[in-house]
Structures are given as structure tokens and as C-alpha cells.
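Shown next, in C-alpha cells, is the structure this report addresses.
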Amino acid sequence: MRFDAKYFIDRCHDAGFTITRMGNRVHYTTNGKPIAGAALFVDAVRKHKRQLIKHLPERTGPKQLDLFEQD
């Protein structure tokens, strides 16, 4: 059976995972909720990273700022 990245992303979102892309890295979070079978999703993300990156949206959340950084 062939891996379908778009279908996998949809199933992750349905299960409570949020998956986004940060450059060439995959970022996933459960927003603190316990997810049954989380290890399965994490293993699949690691195994199929190259296929997933093509279809993932870029992360648009605010970046954490250093409070003591001075310009």
C-alpha cells in the first residue's frame, strides 16, 4: 500500500495532531492533549518526512522573542 501524505495529514488533524512545516523540519504538537496511538503518528511522520514536507503549510505562529535581546 502506498503512503498518501495528504490523507495522512487529514487523519492527523482529525486525531488531534497539528502538523506544520518550519523550513525543512516537521513540527507537530498535540496542544497538551493525550492522544491514543501517538507513537504511531510520530513514527510515520519520521519515516515519511520528505513526502509530508511538500504538502504541509508553513508555520505562521508568532516566534518567541528574547526579552533581553537588544538591537
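A Förster radius of 25 Å, combined with the Cβ-Cβ distance separating THR30 from ARG59, puts the computed FRET efficiency at roughly 0.95. Placing a pseudo-label 7 Å from each Cα along the Cα-to-Cβ vector at ALA44 and HIS13 gives an inter-label distance of 1.5 nm. A cut-off of 5 Å between modelled amide H atoms, ignoring neighbours fewer than 5 places along the same chain, links HIS27 with THR20, ARG21, MET22.
Note down the Stokes-Einstein diffusion coefficient of segment 5-53 in µm²/s, whole number, using a Kirkwood radius over alpha carbon pairs, 4 °C, and 1.567 mPa s. Reported coefficient: 119 µm²/s. The amide H of ILE35, built 1.01 Å from its N in the peptide plane, has no neighbour under 5 Å, considering only residues 5 or more places off or on other chains.
Since every read-out is calculated from the coordinates, none of them should be taken as a lab result. All values reported here derive from a predicted model rather than from experimental measurement. We place every Cβ from the backbone using ideal geometry, glycine too, and count neighbours over all the protein chains shown.
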